[in-house]
Protein chains: 2
Amino acid sequence: MINYKNDSIEKFVAEETWEVYLQNMNTHNLKLHDGSGAGSDFLGWVDLPKTALKEIPKAYNEAIELMQDKDVVVCVGIGGSYLGARAVLQALSKPFSKSSPEILFAGHHLDADYHADLLNYLEKKDFGIIVISKSGTTTEPAIAFRLLTDLLKKQGKSKQLKRHIIAITDAKKGALRNLADELSLMSFVVPDDVGGRFSVFTPVGLVPLAVAGVDVKALVEGAKDMSGEIGYEQLPGKNPALRYAAFRKLMWDKKKSVEILANTQPSLSYVAEWWKQLFGESEGKAGKGLFPASINLTTDLHSLGQYIQEGTPLMFETFLEISNPDQSLTIPHDEANRDKLNYIADKPVSYVNQQAAAGTYQAHKDGDVPVSRIVIDKNDAYHLGELLYFFEKACGMSAYALGVNPFNQPGVEAYKNNMFKLLGKK
Amino acid sequence: MINYKNDSIEKFVAEETWEVYLQNMNTHNLKLHDGSGAGSDFLGWVDLPKTALKEIPKAYNEAIELMQDKDVVVCVGIGGSYLGARAVLQALSKPFSKSSPEILFAGHHLDADYHADLLNYLEKKDFGIIVISKSGTTTEPAIAFRLLTDLLKKQGKSKQLKRHIIAITDAKKGALRNLADELSLMSFVVPDDVGGRFSVFTPVGLVPLAVAGVDVKALVEGAKDMSGEIGYEQLPGKNPALRYAAFRKLMWDKKKSVEILANTQPSLSYVAEWWKQLFGESEGKAGKGLFPASINLTTDLHSLGQYIQEGTPLMFETFLEISNPDQSLTIPHDEANRDKLNYIADKPVSYVNQQAAAGTYQAHKDGDVPVSRIVIDKNDAYHLGELLYFFEKACGMSAYALGVNPFNQPGVEAYKNNMFKLLGKK
């Protein structure tokens, strides 16, 4: 269960007014269930966790089996075809211990140096590709997929491509669907009624995560349990996602323009990147929307901390906390005590981190930054599933409350059209 | 030479008014040289590149020699004791090819899982530590340094610590200076007149970079040449750092509140983190300052692109570009052409990336985002030196123009004081 704790509301509105915020937000929550809001063709994600993955599907097990002996699996995708899997994987991975297979990413930018070094790294390795693209023609992943397929061919695997590639794409049409059918690739479907940034609980997120060894059943189970807690049957005041969305609306009405998601665990930094796409792309239209920014504690207290504490009062801050972190690493005792740390010797490092977060919360609150906290129990697949669904639901309501369609992204084509023109595409 | 290109000025002010902006900014530039502004005890960085490193000092070579046979060197530091070296190293490193020695970072947060996995990774390795802290008692690096020193002792190296540790700290006082003297560690001095976020051209940045194999002489050479181009003798209209600072002031006056640094190369992402500390900590005080945010192209066009294009018009955007990227990786031709990429077959990937950046610049400009461009010639040590000094100089002027002291950070103690209280420190 996610706990949304907010002791900043009373600074801004009386209880009765807050009650009105909650009631209003409830009407937006309802729209996500009855389809009466804008963009209702894209509400497939709402009930997805309830129906998906009663058990790990046979097809997922086949994907795991196909990739399990590879040295490396490269996931090729960008935006919503990339961030969900990366967020969960980063949260659950150890930074210095390689998994087997090692999971890498490509096609999420056009950095030549990155892709050249990746190809060099893969040259003598047995690698697989999970390519994720609804159309198959998005420039970044299409280029990476060409480069990687070319390398497979150079490795002499032209006739066994289907032992190395899994495609996640449209059910019927598009370049990647055609390729998958022609080469008899193992393939999975990107549903039509789920947009990219809401797709983490579809094969787009689940197949790469299953291959990476993540317990995707637990992930979806967490999302499912959360969907019950924050459904339309829930009382508004007892619905943490609704309260979070209502506070965002309150902050918008009070002329705040930036929301900072403050990660208390750096391993959640890609959850923040995923969150930025979710809220930025859903809300940032028609000249509206809170700008989504993030910091990692305690790293960025030594860079952006000064600004948050005493700079332009643009922002409110949402702390993302884990209540039960691993406590096994403790601070060694040191007889000499030159660094004067013996007052916390034998204490868990994670305990010190929690006190740093609590101290920061209070400091920013004292600095008149409106603060609130999203608390999950543990950093594991189940609780990450809860968290991601929590944000999806809050985002849907929040965008409706701003009066925009949460499910379109009319502005993202502009740079592509210019780029195509510059590249001479006909 | 850095090129600062701006075609947005005329949208906001007439030429005569812009001339006044330039002249005013020139008075702030002068203060950085004559010491007549606030915080003038911390202007050591201004002329540093002119005097530093006529050749690689013998002491640096000794540091390189001490660490060159290690499997891993861990740099321990946070904020300004960390970001400069990390920014340059990340820009110049290949993502998948390990350097020798491998360079890792610690003590830049209190993440227990990270540090536990790091210790596990180092357990059977021969590793060295470069510990960077003016006081030696900053909580994050002090904890990491204790953990790492403890591991060295467990490896049976208690009596040879000086063969494994380099200290960069105060000349005379503090916990780390005492330790360095007691154990006869190789040590370097953090100058008193250079604040952390301006310290990349002191041993704080240069020693770790030299050990990592970076051409620090070229880095400082770039800074030195840049210091000539943007000195107080330069005509205001010909001074790119002054023009950048003046445009920031114009944007502030026009009520913009967020500056987005748009990296066209993801490898510059830590340059952006360094830039955030530089500007955020220097300007974010007295209720003022532009909020520094960053995006990586083209990744974040698929997350924050929509917001920038059509969301709340809070921001202006500064593109960071490299005019001569490596062109050796080209897009393979594919007979089948299912992905329809053959129109750019045999073109360098970096060329496509440049067109994507150009297309984005035009798209955001068309979306009424004020845009400008900082262009460096190449991604190498010399040009990074130019770039970092360019930002330092622009930042000093820019903060003076806002009427704040660029060189203090009164707000960063607040969270620490709360944390110490919660941890029961006396």
- [ ] Answer yes or no: is there a residue in segment A:104-122 that is within 23 Å of the chain's Cα centre (by Cα), surrounded by fewer than 24 Cβ atoms within 10 Å (Cβ to Cβ), modelled with pLDDT under 95 and within 11 Å of chain B (Cβ to nearest Cβ).
- [x] no
Open item on the list: Quick test of your reading of the structure: B:Y400 fulfils all but one of (1) in contact with a Gly (Cβ under 6 Å, 6 or more places away or on another chain); (2) within 12 Å of another protein chain (Cβ to nearest Cβ); (3) not small (G, A, S). Name the failing condition by number.
Closed with: (2)
Open item on the list: So, in segment A:395-409, how many residues would count as being part of a helix (DSSP H, G or I), under 21 Å from the mean Cα position of the chain (by Cα) and not hydroxyl-bearing (S, T, Y)?
Closed with: 4
Task: Residue among B:L301, B:L261 that is within 8 Å of chain A (Cβ to nearest Cβ) and on the phi < 0 side of the Ramachandran plot - done: B:L301
- [ ] Select, from A:E386, A:E392, the only residue that is part of a helix (DSSP H, G or I) and either within 11 Å of chain B (Cβ to nearest Cβ) or within 19 Å of A:I260 (Cα to Cα) (or both).
- [x] A:E392
TODO: Just give me the residues in segment B:73-112 being closer than 26 Å to B:G280 by Cα and among the β-branched types (V, I, T), in sequence order.
DONE: B:V76, B:I78, B:V88
- [ ] Check whether at least one residue in segment A:159-174 is in contact (Cβ under 8 Å) with a residue 40 or more places away in the chain, part of a loop (DSSP other than H, G, I, E, B), among the charged types (D, E, K, R) and within 13 Å of chain B (Cβ to nearest Cβ), and report yes or no.
- [x] no
TODO: Output the number of residues of segment B:376-397 satisfying the condition of being within 20 Å of A:Y114 (Cα to Cα) and aliphatic (A, V, I, L, M).
DONE: 3
- [ ] Could you tell me whether B:E233 is more than 24 Å from B:T360 (Cα to Cα), at pLDDT below 95 and either facing chain A (nearest Cβ under 10 Å) or not in a helix (DSSP H, G or I) (or both)?
- [x] yes
- [ ] Confirm whether A:Q309 is within 8 Å of chain B (Cβ to nearest Cβ), closer than 25 Å to B:A399 by Cβ and out of contact with any Lys or Arg (no Cβ under 7 Å at 6 or more places or on another chain).
- [x] yes
Open item on the list: Against the condition surrounded by fewer than 18 Cβ atoms within 10 Å (Cβ to Cβ), assigned to a loop (DSSP other than H, G, I, E, B) and charged (D, E, K, R), how does A:K94 come out, does it pass?
Closed with: yes
Open item on the list: I need the full set of residues from segment B:108-134 which are in a loop (DSSP other than H, G, I, E, B) and either on the phi > 0 side of the Ramachandran plot or not small (G, A, S) (or both), in order please.
Closed with: B:H108, B:H109, B:L110, B:D111, B:E123, B:K124, B:K125, B:D126, B:K134
- [ ] Provide a single number: the residues in segment B:135-148 that are at the interface with chain A (Cβ under 8 Å from one of its Cβ atoms), assigned to a helix (DSSP H, G or I) and of a type outside the set (K, R).
- [x] 6
Task: Number of the condition not met by A:F291 [criteria: (1) buried (at least 24 other Cβ atoms within 10 Å of the Cβ); (2) touching a helix residue (DSSP H, G or I) at 6+ places or on another chain (Cβ under 7 Å); (3) touching a residue at least 40 places away in the same chain (Cβ under 8 Å)] - done: (3)
Open item on the list: If I ask for residues that are at pLDDT below 95 and surrounded by fewer than 22 Cβ atoms within 10 Å (Cβ to Cβ), which ones from segment A:123-148 would you list?
Closed with: A:S135, A:T137
Open item on the list: So, restricting to helices (runs of 4 or more DSSP H) that lie completely within segment A:1-67, which ones have at least 1 residues that are crowded, with 17+ Cβ neighbours inside 10 Å and either within 24 Å of the chain's Cα centre (by Cα) or in the same structural domain as A:G128 (by TED's automatic domain parsing) (or both)?
Closed with: A:15-34, A:48-51, A:58-67
- [ ] Report, by residue number, each residue of segment A:322-361 that is more than 7 Å from chain B (Cβ to nearest Cβ) and not polar (S, T, N, Q).
- [x] A:I322, A:H333, A:E335, A:A336, A:A345, A:D346, A:K347, A:Y351, A:A357, A:Y361
Open item on the list: Among the residues of segment A:107-127, are any farther than 17 Å from B:K347 by Cα, touching a residue at least 60 places away in the same chain (Cβ under 8 Å) and in the same structural domain as A:A63 (by TED's automatic domain parsing)?
Closed with: no
- [ ] Scan segment B:292-309 and give yes if some residue there is of a type outside the set (A, V, I, L, M), under 20 Å from B:F12 (Cα atoms) and assigned by TED's automatic domain parsing to the domain that holds B:Y351, otherwise no.
- [x] yes
Open item on the list: Looking only at segment A:332-371, filter to residues that are β-branched (V, I, T) and outside any helix (DSSP H, G or I); which one of those is surrounded by the most Cβ atoms within 10 Å (Cβ to Cβ)?
Closed with: A:V371
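The values are calculated or read from the model by the stated rules, or taken from the named source; none is laboratory data. Computed from a predicted structure; not experimentally measured. Note that we place each Cβ from the backbone using ideal geometry, even for glycine, and neighbour counts take in every protein chain shown.
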